[in-house]
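Report on the structure given below.
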Amino acid sequence: MIQKPSPCIIDWGTVINKDDMRRLLNDLSRVQYQHNLEGKLQSEGEGWIMEIFIDPQQSTLIANHTLYLNLQSFDYLEIGKTPQDEPCFDLIQDQRILRLIPLSNPLKDQENAPALDDATLEEMVTRVLSSKWDLSLDDEDSF
């Protein structure tokens, strides 16, 4: 039997595997969202993705600028672009579409992240180990 290669999706396409959907959305943090039902905008806003999970017993929740996304709430995900040429991720279930538009950019976020040199990293590790050592000595003294 000839084994077919796994799908390869680049910049646009449809994702049906829940693990692939989770892997793709895990990199998002702050998003703009639009909730459409039967082609009509129901709500929109901005928020932080707090959790992405797969559980048939829990709900997808969006409230107070936070998103808890249960991928069991959706049949598939479409990767595409907005009319303004921004990347977007449409979570789709029947006539419901939850569009997520990233407000953070992993490339820019990585560039702006402070770089840790070896000396700084070594000092941080030394402080953590030292504080743990001090804590264990304190515990021994109390007995």
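Quick note: the coordinates plus some simple rules give every number you see, no bench work behind them. As the structure is a computational prediction, the values presented were derived from the model and not from experiment. Counting neighbours? That spans all protein chains shown, and the Cβs are built from the backbone with ideal geometry, glycine included.
Beta carbons within 10 angstrom, averaged per residue: use that to sort the peptides 2-9, 98-105, highest first.
Going by the mean number of other Cβ atoms within 10 Å, highest first, we get 98-105, 2-9.
Would you kindly work out the equivalent ellipsoid of segment 17-76 from its C-alpha gyration tensor and give its semi-axes, the square roots of five times the eigenvalues, largest first in whole Å?
Details: eigenvalues 66, 42, 26 Å².
Gyration-tensor ellipsoid for segment 17-76: 18, 15, 11 Å.
Quantify how much of the Cα-Cα distance distribution of segment 1-112 extends past 24 Å, in percent.
24
Multiply the residue separation of LEU129 and ILE10 by 0.36 nm, subtract the distance between their alpha-carbon atoms, and state the gained length in nm to one decimal.
38.5 nm
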